[in-house]
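To keep things clear, I will list the structure first and then write my remarks on it.
The values are calculated or read from the model by the stated rules, or taken from the named source; none is laboratory data. The shown structure was predicted, so the numbers you read here are calculated from the model rather than taken from an experiment. Positions of Cβ are generated from backbone atoms using ideal geometry, with glycine treated the same way; all protein chains shown enter the neighbour counts. Each accessible area value is taken on the protein alone, full model and side chains, heavy atoms only, with ligands, DNA and RNA left out. Shrake-Rupley method; radii C 1.70, N 1.55, O 1.52, S 1.80 Å.
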Amino acid sequence: MIIAKKISLLIQKFNFINILFTLLLIFSLLGCISYNKTFAIRTRVSKNPGLNDGLVPQGLTWNNDDEAFYTTGYMNDDSPSRIYRIDKKTNIINFFSLKKNGKDFFGHTGGLQYSDGLFYLANESDGIYIFSIDFEKKLKSIDIGNRISVNNNSSFIFADKNFIYVGEFHNGKKYKCYHDFTFNEITNNAIVTKYSKGNYTTPVAIYSIPDMIQGFAILPNGTIILSQSYGLRPSKFLIYNQEHQILTGKYMYGLEVCFLDKPTKVLSAPPMSEDLDIYNGQVIYMSESASKKYVIGSVFFERYIYSLDINKNN
C-alpha cells in the first residue's frame with residue numbers, strides 16, 4: 001500500500017512537471033510570436049553578468065575607453081549593491097561592491113552611464129552620483145561619494161559628450177511623480193531633465209514622457225528611445241523620430257517642454273526591459289527578468305545584453 005502511494009505521488013509529480021514544461025513551452029512560443037519584430041532586429045553583444053550571483057540588474061552602460069560593458073543593480077540576498085564589468089574581448093567578469101562615504105550602499109541603482117572618464121549613477125528618488133573607477137587597480141569596492149540632487153525622481157540616466165539626461169518612473173500606484181503635463185489631450189506624469197555636465201542646478205531642457213519608463217537613450221541621428229516596463233507585462237521600446245518630439249509652447253522650470261507625442265514606432269519585448277545606452281551606434285538593453293529573483297527571462301533568452309537595430313525595419 002505504501003509503495004502504491006509512492007508510485008502515485010511520483011506519477012503526479014511527473015505529470016505536474018510535464019504540464020509545467022508544456023505551459024512554459026507554449027508561453028515561450030506565444031512570446032516569440034508577439035516579440036518577433038524585436039527579435040528580428042536584436043543582436044547578442046554580451047553576457048549579462050552577475051545573474052548567477054543574485055544580481056537584480058538595473059543599469060547598463062558601454063565604456064569605450066576600456067571596451068567593456070558595465071551593469072549595476074541591487075542584490076537579491078540584501079548584500080551591498082554592485083557594479084559588474086565584462087570585458088568585450090575576453091568575456092572576463094569582475095565586480096565592485098558599492099560604498100557611500102565609506103559605508104555599504106544598498107541603493108536600487110536604477111541607471112548607469114559612462115562618459116569621458118566618469119560614471120553617472122541614478123538611484124531611485126535619491127539623486128545622482130558621479131565617480132570614477134581606476135581600471136588598472138584590482139578593486140573590490142567603489143565609493144560613489146555624495147549624492148547630487150536633481151529636479152525629478154532620478155530613476156534612470158543617459159549621457160552623451162556634453163549633457164546628461166535624468167528621468168523618473170511613474171506608474172500611478174507605488175511609484176508616483178508630480179510633473180503632470182497635458183498636450184494633444186494626452187497627459188504624462190513624468191519627465192526627463194537634460195543638464196549640462198557639471199551644472200545640475202539649472203536644467204537646459206525638459207522632456208515630458210509616458211508612464212513606466214525604465215530607460216532613455218538618444219541615437220546619433222536624434223531619435224529618442226524609451227524602455228517601458230513594469231512587472232510581468234510585456235516591455236515596449238517606444239521610438240520617437242524628431243518630428244514626434246514636439247515643442248509645446250508651454251513651460252516647466254522656465255523651459256519650453258518637449259512633449260513625446262505618439263511614438264513613431266513601438267516594439268514589444270519580453271518583460272522587465274531596463275536601462276538603455278548606445279553601443280556602435282545602436283541602442284543596447286538588458287532585462288531584469290533574467291535574474292534569479294524572477295527567472296522568467298530565461299524563457300526568452302534574456303540572459304544577455306542585446307543591441308537593437310532600430311532603423312532596420314523603417
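Whenever you get a sec, compute what percent of the accessible area on the chain sits on carbon and sulfur atoms (1.4 Å probe).
Numbers: 8270 of 15150 Å².
Whole-percent figure for carbon plus sulfur exposure: 55.
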For this session: Quickly work out the THR201-to-ASP66 label distance, labels modelled 7 Å from Cα along the C-beta direction, and quote it in nm with one decimal.
Result: 3.3
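By how many nm would the segment from SER34 to ASN52 grow when fully extended, if each residue of separation counts as 0.36 nm and the alpha-carbon distance is taken off? Working shown, then result.
Values: separation 18, 0.36 × 18 = 6.48 nm, distance 2.78 nm.
Gain in length upon complete extension: 3.7 nm.
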For this session: For the chain, count the residues as N, evaluate 2.2 N^0.38 Å, and divide the Cα radius of gyration by that value, please.
Result: 1.07
Exercise. Using alpha-carbon pairs under 8 Å, 6+ residues apart, how would you state the relative contact order of the stretch 108-218 in percent?
Worked result: 22
Exercise. For VAL295 and THR187, what is the calculated FRET efficiency with R₀ set at 41 Å and r taken between the beta-carbons, to the nearest 0.05?
Worked result: 0.70
Problem set entry | Gain in span if fully extended, LYS312 to ASP104, counting 0.36 nm per residue against the direct Cα distance | 70.5 nm
Exercise. Under the definition of Cα pairs under 8 Å and six or more residues apart, what whole-number percent is the relative contact order of the chain?
Worked result: 16
Exercise. Out of residues 5 or more away from ALA217 or on other chains, whose amide H comes under 5 Å of its own, with H placed 1.01 Å from N in the peptide plane?
Worked result: ILE225
For this session: Convert each backbone phi in the stretch 272-277 into a coupling constant with the Karplus relation 6.51 cos²θ - 1.76 cosθ + 1.60 (shift: θ = phi - 60°), then list the ³J(HN,Hα) values in order as whole Hz, x for Gly and Pro.
Result: 6, 5, 10, 4, 10, 8
Problem set entry | Relative contact order, percent, the stretch 26-120 [alpha-carbon distance under 8 Å, six or more residues apart] | 23
Exercise. In deg cm²/dmol, rounded to 500, what helix-only [θ] at 222 nm does the chain give when every DSSP H run of at least 4 residues adds -39500 (n - 2.57) and the total is split over its residues?
Worked result: -4500 deg cm²/dmol
Seminar exercise, completed: In whole percent, the Cα-Cα distances of the stretch 167-305 spread across 10 Å bins from 0 upward as 12, 39, 35, 13, 2
